[in-house]
């Protein structure tokens with residue numbers, strides 16, 4: 001019975017998180033944008049930041065904690081807690097933990113992002129040049145093979 005419950009919990013958890021963790025907040029984010037209500041904007045931005053962190057963390061916790069009893073049910077309850085207007089879970093986590101942490105590390109994070117952006121651009125240019133060189137070499141080799149094979153088909157007939 002425990003194994004069957006576990007097999008059912010994962011898809012139910014996934015469906016619940018998709019509906020209540022993503023689609024429901026996305027719709028209310030749309031409504032906040034449409035109404036231009038700054039208070040709602042801020043509320044939903046805090047939610048999305050916390051949900052992004054949750055989704056990132058869950059990638060790893062799913063690997064290591066999926067055996068834990070009621071793991072999937074706890075994830076559903078956590079998303080409900082984040083969304084609840086009574087608990088204001090996402091706002092609480094954002095204000096208590098995320099905002100202070102990001103504020104204190106903002107300079108370092110920005111520097112890392114700039115370096116990563118520069119490195120990725122340099123890598124893109126480097127691999128782009130290499131790709132063009134490989135393509136050009138392949139084109140030259142293909143052209144020379146076509147020319148060689150075309151020359152070997154020549155029967156030596158003279159034209160009148």
Worksheet, complete the sentence: By Cβ neighbour count within 10 Å, fewest first, 48, 67 rank 67, 48
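In what sequence do 28, 47 fall when counting other Cβ within 10 Å, fewest first? Present the calculation step by step, with values, prior to reporting the outcome.
Values: 28 15, 47 22.
Fewest to most other Cβ atoms nearby, the residues stand as 28, 47.
Explain nothing, just the number: relative contact order of the range 2-87, from Cα pairs under 8 Å at least 6 residues apart, as a whole percent.
Computed over the range 2-87, the figure is 44 percent.
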Worksheet, complete the sentence: Taking a ≥ b ≥ c as the square roots of the eigenvalues of the Cα gyration tensor, with a/c under 1.5 meaning rounded and otherwise prolate when a/b exceeds b/c and oblate if not, the range 1-127 is oblate
Worksheet entry | Protection-proxy order for peptides 29-42, 73-86, each taking the mean of Cβ atoms within 10 Å per residue, highest first | 73-86, 29-42
Item to complete: For each of 99, 126, count neighbouring Cβ atoms within 10 Å of the residue's Cβ, then give the residues from fewest to most.
Response: 126, 99
Worksheet entry | Extension gain (nm, one decimal) between residue 98 and residue 116, 0.36 nm per residue minus Cα-Cα | 4.3 nm
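We did not get these values from a lab; they are worked out from the coordinates using the rules stated. Everything numeric here is computed off the predicted structure, so don't read it as measured data. Backbone-built Cβ (ideal geometry, glycine too); neighbour counts: all protein chains shown.
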